[in-house]
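Presented below is the structure to which this report refers.
The values are calculated or read from the model by the stated rules, or taken from the named source; none is laboratory data. This one's a predicted model, so the numbers in the text were calculated from it and none came from an experiment. Note that we place each Cβ from the backbone using ideal geometry, even for glycine, and neighbour counts take in every protein chain shown. In case anyone asks, the SASA skips ligands and DNA or RNA and just uses the protein heavy atoms, side chains included. Shrake-Rupley method; radii C 1.70, N 1.55, O 1.52, S 1.80 Å.
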Amino acid sequence: MKYNLLKKSYLFASILTLAACKKDDDMPVAQSTTITIENVLDSKPLVETGTFQGTGTPPVILPGQSTSFTFSAARNQRLTFATMYGWSNDLFFAPDNPGIRLYSDDGTPITGDVSDQIKLWDNGTRQNQLPGSAVTHPGVAEVTPKAIKEVSGTDDYGNSYLAASKLMKVSLTYNGNSMFTVTINNISGGTANETPFSPGVWTISYVAGGNQLLPDAIYEAGKVSANGLTNIAEMGDNSVLNTYLMSKTGIFTPLSPVLVVVYNGQQNPFFKTGENDRGEGLKDLAQKGSADALAAALKMKSGVKSVYVLKDPANTILLPRINGAAGGSVSQQLSVVQGDRIAIATMYGFSNDWFFATSGNDWDATVKGDLSATIGLYDDGTAVNQFPGAGITQFNLAGTPLTESKAIAAVPNPNGFTTLPAISSIIKVTLQ
């Protein structure tokens, strides 16, 4: 009997040992992986660029005629343009840099007559003649091109000119939601400087850190004409300068500090398309770029294993590539097991409430490689949209978002304001 008891005890111990070994064998093995998020956008300094012209043939703007165009702008952004003083050898109208002011200090849109901001400029490439009579285009070239300078009263050859505001009337109308219409009227008829205006170009520069990214997009006073401005000033041809400005026009946006979540489950823990914002902090991330509230909420959720908010050590935000320099980048080492998933989110910085995030069921945390193709751009539905980078109510452009309540949805491309590059050309995400 004593033998049987010993035998049973041995068998029981063996069973426990086997059970323990089996439990250890079934436990998933932790592994290390590093997630890296980069802003790879090849940014442009100009938000919008366009052309204007008259309605006749040739398409000049004759005395008594006008032309209009519409654009979007945020606080501190300026409108600049150029058009030829038609009956001259190389004179052009343009605002003083950085352009026409569009908002007062308190953010109120400026409307009405802004003609006093327009000036007449000498391109410095042709010798001037008496305006309007016996002008021989393109005229006699300067032996050495001179620097662009303002024509005030008389030019270097003794020709007399009225102030630009006596020849051109420029007025602004505010259409709402950061959109303006500018109208250029030719009021030179009957003056000593009667002249047509040529087809012209216009543009708006991005503002970052309160500064224009390209404050002298069309010309620089005191420097020699460049980039096709001479074609406008001498011939009224706006095509070359427009091509140059369009090459500088496109998207500029930083990315906010990046939320990274490791979780175990089948659904993204903080959003789903077709549903409204859950009120857990995604709104702050999408509108202001702050992930702190959402990170705190996620840490309390079942299935969430770890939460990080990654900030660029140099700038906090992730800046895009500027003039060829590398964009911002953040990395984080993660400890994951089979079955874990990863979700991320970061604000499209120059928007009202757009955010980049992993789509579908997010990523298998153990898969390595470039996962940028699985990133989507979403509208949080909590703020009225405006032209990205040119909205008066965009938080990162010193605005206060206008509230709305819509379901979260993918941002279409084009989106009613502009055409964005491929998402993988803005944000790159890799697991290594």
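In whole percents, the pair-distance distribution calculated for the range 292-411 from its alpha-carbon pairs, binned every 10 Å from zero, is 11, 34, 38, 15, 1. Placing a label point 7 Å from the Cα of ASN227 along the Cα-to-Cβ line, the residues of the range 63-100 whose backbone N sits under 12 Å from it are 80-82. Ranking ALA141, TYR85, ASN352 by Cα position along the charge dipole of the chain, where only Lys, Arg, Asp and Glu carry charges on their C-beta atoms, puts ASN352 farthest toward the positive end. Label point of LEU162 set 7 angstrom out along Cα-Cβ; within the range 171-211, amide nitrogens under 17 Å from it belong to 171, 184-198. Pop out the carbon and sulfur fraction of the accessible area of the range 193-340 as a percent, whole number, probe 1.4 Å. C and S atoms contribute 48 percent here. Accessible area per residue (1.4 Å probe, heavy atoms of protein chains only) ranks ASP340, ASP284, ASP105 as ASP105, ASP284, ASP340, with the largest value leading. With R₀ fixed at 35 Å, the C-beta to C-beta distance from ALA296 to ILE322 puts the FRET efficiency at about 0.60.
Once the C-beta distance of ARG278 and ASP237 is scaled by a Förster radius of 45 Å, the resulting FRET efficiency is 0.20 to the nearest 0.05. For the range 253-310 versus the range 61-76, the spacing of their alpha-carbon centroids is 43 Å. Working note: 222 nm ellipticity from helices only, DSSP H runs with n ≥ 4, each -39,500 (n - 2.57), summed and divided by the residues of the chain, gives -4000 deg cm²/dmol to the nearest 500. Note on the chain: GNM, Cα springs under 10 Å; of THR57, THR358, THR346, the largest mean-square fluctuation is that of THR57. Values [x] 24, 58, 18, 1; [y] 23, 39, 23, 9, 3, 2, 0; [z] 23, 47, 22, 5, 2, 0 are given for comparison; P(r) over Cα pairs in 20 Å bins from 0, in percent, derived from the coordinates here, is the one labelled [y].
With each label modelled as a point 7 angstrom along the Cα→C-beta vector, the ALA409-VAL337 pair spans 4.1 nm. For the listed residue pairs LYS149/LYS169; LYS305/LYS406; LYS248/LYS311, the alpha carbons are over 27 angstrom apart in LYS305/LYS406; LYS248/LYS311. Measuring nothing but how far apart in sequence close Cα pairs (under 8 Å, 6+ apart) lie, relative to its length, the chain scores a relative contact order of 21 percent.
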